[in-house]
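These notes concern the structure reproduced below.
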Amino acid sequence: MIRVLVVDDHEVVRTGLALLLGSTSDLVCVGTAPDGDAAVEMEHLLSPDVVLLDLSMPGRDGVSVTRALRDAGRQARVLVLTSYCAPDLVLDVVQAGADGYLLKESRAETILDGVRAVAAGGAPVDPAVARWLWTGLRAHASAGDLTDREREVLELVRQGHANKSIARRLEITERTVKAHVTHILQRLGVHDRTQAALWAERHLHAAGVPEE
């Protein structure tokens, strides 16, 4: 059985989720908590496999609960179930250590499958939330995410240099330049050199990085 702690400040939601979990043969609600402080306390007492967690609650919110559990080294998996999918909120709770993120508008079977997936080590994310998450990651990308060499490569990309020219200027191989460019695109969450150059124009050149 997968043991689940339900955390939500609305009694009707807690009761409904407990009944939903109880309707299955492999999931069980071992307790409910009406706020963040109670959630942390009950998680320590009950050691559930999964904490099904709302984000917006009086007092300690879901982000704080997640961070507290992770800081304490607790092993329970955290599946957020909320009505909110703003990029900053999604990014905050994921960075705090949440393992999955579903919306309350999800179908009952989607929520149950999400609990099973997160208990098995998966990371279920609502499709709408996934779009917001990528938006948030792009918005939060910074030059600090890049190494000094990657910053040099990106600045030369911004200036319009091809890989061969970059390799010659930095005295490295074209293969190494290509690897740097691939990593830069991944770090910035952009799809091609043009988007990377535009990002660099806004963030690096605007900050005063000198021309080569």
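The values are calculated or read from the model by the stated rules, or taken from the named source; none is laboratory data. All of these numbers come straight from a predicted model, not from anything done at the bench. So basically every Cβ, Gly included, is an ideal-geometry build from the backbone, and we count neighbours across all protein chains shown.
Would you please list the contacts, defined by Cβ atoms under 6 Å and residues six or more apart or on different chains, that run from a residue in the stretch 157-182 that is free of Cβ contacts under 8 Å to residues at least 12 places away in the same chain and in the same structural domain as Arg202 (by TED's automatic domain parsing) to a residue that is assigned to a helix (DSSP H, G or I) and polar (S, T, N, Q)?
Listed by first residue and then by second, the contacts come to Glu174/Asn163.
Cβ-Cβ under 8 Å, sequence separation 6+ or interchain: first residue in the stretch 16-30 and over 19 Å from Asp54 (Cα atoms), partner of a type in the set (Lys, Arg). Which pairs?
Asp26/Arg116
Got at least one residue in the stretch 90-105 being over 19 Å from Val129 (Cα atoms) and touching a Leu at 6+ places or on another chain (Cβ under 7 Å)?
Step one: of the stretch 90-105, the residues over 19 Å from Val129 (Cα atoms) are none.
No, that holds for no residue.
Would you check if Trp134 is under 23 Å from the mean Cα position of the chain (by Cα), modelled with pLDDT under 90 and in the same structural domain as Gly73 (by TED's automatic domain parsing)?
Taking the combined requirement at face value, the residue satisfies it.
For the stretch 31-61, which residues satisfy the criterion of being free of Cβ contacts under 8 Å to residues at least 12 places away in the same chain and buried (at least 23 other Cβ atoms within 10 Å of the Cβ)?
None; the set is empty.
On the given criteria, is Leu89 buried (at least 19 other Cβ atoms within 10 Å of the Cβ) and at pLDDT below 80?
yes
Quickly run through the stretch 66-86 and pick out the residues that are modelled with pLDDT of 90 or more, assigned to a loop (DSSP other than H, G, I, E, B) and either surrounded by 15 or more Cβ atoms within 10 Å (Cβ to Cβ) or touching a Cys at 6+ places or on another chain (Cβ under 7 Å) (or both).
Arg74, Ala76
Examine the stretch 27-45 for a residue that is assigned to a loop (DSSP other than H, G, I, E, B) and either of a type in the set (A, V, I, L, M, F, W, C) or within 21 Å of Arg116 (Cα to Cα) (or both), and state whether such a residue exists.
Within the stretch 27-45, none of the residues are assigned to a loop (DSSP other than H, G, I, E, B) and either of a type in the set (A, V, I, L, M, F, W, C) or within 21 Å of Arg116 (Cα to Cα) (or both).
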